[in-house]
Amino acid sequence: MADQTVVTRFAPSPSGALHVGGARTALFNWAYARRHGGRFILRMEDTDRARSSVEAARGILADLRWLGLDWDEGPPLPPSWEQALREEFDPFGSPRGEGGPYFQSRRKDAAVYEPFVERLRDAGVAYDDDGAVRFKMPGTDVTVEDAILGEVTVAAADLEDFVIVKSDGYPTYHLAVVVDDALMGVTHVIRGQEHLNNVPKHAALQDALEIERPTFAHIPLIFNADGSKMSKRDKAKAARAAALDACPDAKNRDALVDRVVEMGPAEPVMSTAVRGFLEKDNDGIQIARAIASVLDVALPEIEVDDFRASGYLPEALVNYTALLGWSPGGHIEKFEPDAMSYLREHFGLEGVNKSNARFDREKLFRFNADVIAAMSTDDFVARFREHCRRYGPKAFGAMSNAKPDQFRALAEAYQPRARTLAEPSALGQFFVVDAEEIEFDEKAVRKVLHKNDCEGLDVLEQLRPILDGVEDWSDEVTEATVKEFATANALGMGKVAQPLRVAVSGGTVSPSIGQTLAILGKAATVERIDRCVSVCRAPTG
RNA sequence: GCCCCCAUCGUCUAGUGGACUAGGACAUCAGGUUUUCAUCCUGAAAACAGGGGUUCAAUUCCCCUUGGGGGUACCA
């Protein structure tokens, strides 16, 4: 018993994207199996045929791969997360492992559950009920031992007979999970505490079927920072709140609806649907995204792919979420050499907490920043490139293809100041727009260019010919040129770099001035200085 | 309503009867470094939910209260 091979499993329902809570459950199961040299199984619980979809299955497979998980048994293992998302990828394709199929709908088709139901009928503990089959609870108190919570007892009076086969012929979760776990040799059931109340049911079923009970381990749940449930509906709520906030009256709202419909993303959006969304009639995610895009607000990340799109790295997400409900003890927080390796070496049920945790985006954000800071330049450039290509903005993706050197310089400039892969795209917009599109920030112009009798503009005018004469336009040289100018004129670096920043970017924020100019190129730099001077010299009202 | 689970700084947690003047991390606040931003450095403030027990001794064990969460489906 003690040397019995550990077998764990993650059994998501492919009815939507993978939630961070689910990701953590998968992680813990994976890590536990790896740590004990056991097997990790991935099984799709798609017995709710109305809500399950192949797309969702693909998405879950992709997310698991992106996080760095693999499985010994289950649907085919996609070579990469991107490939899992492709339409050609068939989750139902030839499975990994011999205990399949690994989709419960397929198992049902293979009549896997029937003999078990028959056995229960023969034993007189299963009976027909209006087209469904119900399991008869034994009528005794049920006590189970949980590896994390200890002993849990539920009185017989609180236990009711429950459905094991639906009237459509599909097994319910309760039956399927018990039968499949037994057939697949699962030894440890690690899952969320929302399942704790199901344990007596499963235990009773196991007893009736003479199946040895696995070790149960119910892990605490994850909530939002405010204590509310972390739900995909939070995204709709946030979008709606932003919309109502931006457009308090009906007239504005009409304009917003028009804009949303107009720039509706992939799928066409009907104005009635958008209105319905605002009236809480629906929580359409497409609409939420469109509103967020029109209003330029961020939607909360809930699912794994939300975090990916927002520029988080799997490394940081894994490290952070593993700390929610589990601790290696002591002061260890940053997992070395990397999160997955650490978990497969150190994860254990002893370190799992009993109480629920709140998801702190600030801390994850910090972890992400640290991961980026610790990455090699090449790694960052590659990951940033992939992120731009998949998630935009288009101009960055285009630059990565057309001008790889410029893209690399830009990536290098932003790595030290990026906390997510999406941040450089937001901060570096000015690099990829035409000079005419640059809007000069009023406050920056006042403070940096107009102040003290336009000393900033004077600096720009003096600097222009000097920069124009620079032959080798590298960041070292441009930086040195600016510094020399500052020294020669007894000016602090800020008095010179800031006017330049405003001239080329429209604002006061950019990478180091040398890098900024180098990435931009000489022609664009000079052009922007000229335009800035002519625009900002004009008397302002 | 009923059933089940939980309870250390704002948040995630360390702590398993004395080593606790309760440690770390994120956030916060105050300084410092820096050409902006982002970093980085230093320091500060910040918790054992309340009440009963048990014990020579409780953050640590037991009970109650309160609070939070989960379940109560032919969803998983």
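Every read-out reported here was derived from the displayed coordinates using simple, explicitly stated rules and does not represent laboratory data. Quantities reported herein were computed from a predicted structural model and do not represent experimental measurements. Positions of Cβ are generated from backbone atoms using ideal geometry, with glycine treated the same way; all protein chains shown enter the neighbour counts.
Tabulated values for the structure
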| quantity | calculated |
| --- | --- |
| Point-to-point label distance, A:Glu194-A:Ala255, nm (Cα→Cβ direction, 7 Å offset) | 4.1 |
| Prolate/oblate/rounded label for region A:435-537 (Cα gyration tensor, a/c 1.5) | oblate |
| Computed magnitude of the charge dipole of chain A (debye, nearest 20; Cβ of K, R +1, Cβ of D, E -1) | 740 |
| Segment A:Asp405-A:Arg121, length gained on full extension (0.36 nm per residue, minus Cα span) | 95.2 nm |
| Dipole of region A:16-175 [Lys/Arg +1, Asp/Glu -1 at C-beta], most positive-end residue of A:Gly169, A:Ala62, A:Pro138 | A:Ala62 |
| Centre separation in Å (Cα based) which lies between region A:135-153 and region A:318-370 | 30 |
| Net length gained if the chain between A:His450 and A:Ser512 were fully extended (0.36 nm per residue, minus Cα distance) | 20.1 nm |
| Size of charge dipole - region A:435-537 - debye, nearest 20, with Cβ of Lys, Arg +1 and Asp, Glu -1, no other charges | 400 |
| Whether region A:81-179 is rounded, prolate or oblate, judged on the alpha carbon gyration tensor where a/c under 1.5 counts as rounded | oblate |
| Helix-only mean residue ellipticity at 222 nm for chain A, each DSSP H run of n ≥ 4 adding -39500 (n - 2.57), per residue, nearest 500 | -14500 deg cm²/dmol |
| Per-residue Cβ neighbour rank within 10 angstrom, fewest leading, A:Met263, A:Met137, A:Met493 | A:Met263, A:Met493, A:Met137 |
| Simple Cβ-charge dipole of region A:15-82, Lys/Arg +1 and Asp/Glu -1, about Cα centre, in debye nearest 20 | 220 |
| Cleavage-rule hits (GluC sites (Glu not before Pro)) in region A:275-316: DSSP loop, at most 14 neighbouring Cβ within 10 angstrom | A:Glu279 |
| Net charge of neighbours whose Cβ lies under 11 Å from the Cβ of A:Met340, counting Lys and Arg as +1 and Asp and Glu as -1 | -2 |
| Restricting region A:56-97 to trypsin sites (Lys or Arg not before Pro) in coil, as DSSP defines it, with at most 14 other Cβ within 10 Å | A:Arg86 |
| Peptides ranked, highest mean first, by Cβ atoms within 10 Å: ranges A:158-164, A:511-517, A:248-254 | A:511-517, A:158-164, A:248-254 |
| Where labels lie 7 Å past Cα in the beta-carbon direction, separation of A:Thr377 and A:Lys237 in nm | 4.5 |
| A:Ala298 versus A:Ile466: modelled label distance in nm, points set 7 Å from Cα along the beta carbon direction | 3.8 |
| Cα-based reach from A:Lys136 at 16 Å (exclusive), listing aspartates and glutamates while leaving out same-chain residues under 8 positions away | A:Glu118, A:Asp122, A:Asp128, A:Asp158, A:Glu160, A:Asp161, A:Asp207, A:Glu210 |
| Efficiency of FRET between A:Thr272 and A:Arg390 - r from beta-carbon atoms, R0 56 angstrom, step 0.05 | 0.95 |
| Positive dipole terminus of region A:233-300, leading residue within A:Gly284, A:Met270, A:Ala250 (C-beta point charges) | A:Gly284 |
| Rounded if a/c under 1.5, otherwise prolate or oblate - chain A, Cα gyration tensor axes | prolate |
| Beta bridges per DSSP with both ends in chain A, % antiparallel, nearest 5 | 55 |
| Mean separation of Cα contacts under 8 Å (6+ apart) over length of chain A, as relative contact order % | 11 |
| Contour excess over end-to-end distance, with Cα ends at A:Asp441 and A:Glu527 and 0.36 nm allotted per residue | 29.2 nm |
| Above-threshold pairs, the threshold being 28 Å between Cα atoms, out of A:Lys280/A:Lys394; A:Lys232/A:Lys443; A:Lys108/A:Lys201; A:Lys232/A:Lys354 | A:Lys280/A:Lys394; A:Lys232/A:Lys443 |
| Dipole axis of region A:382-528 (+1 Lys, Arg; -1 Asp, Glu on Cβ), positive-most option in A:Ala382, A:Leu457, A:Ala497 | A:Ala382 |
| Candidates per GluC sites (Glu not before Pro) in region A:413-505, loop by DSSP, up to 16 other Cβ within 10 Å | A:Glu439, A:Glu471 |
| Candidate aspartates and glutamates for bridging to A:Lys495, where Cα separation is under 16 Å - those fewer than 8 sequence places away on the same chain excluded | A:Asp453, A:Glu455, A:Asp458, A:Glu461, A:Glu479, A:Glu484 |
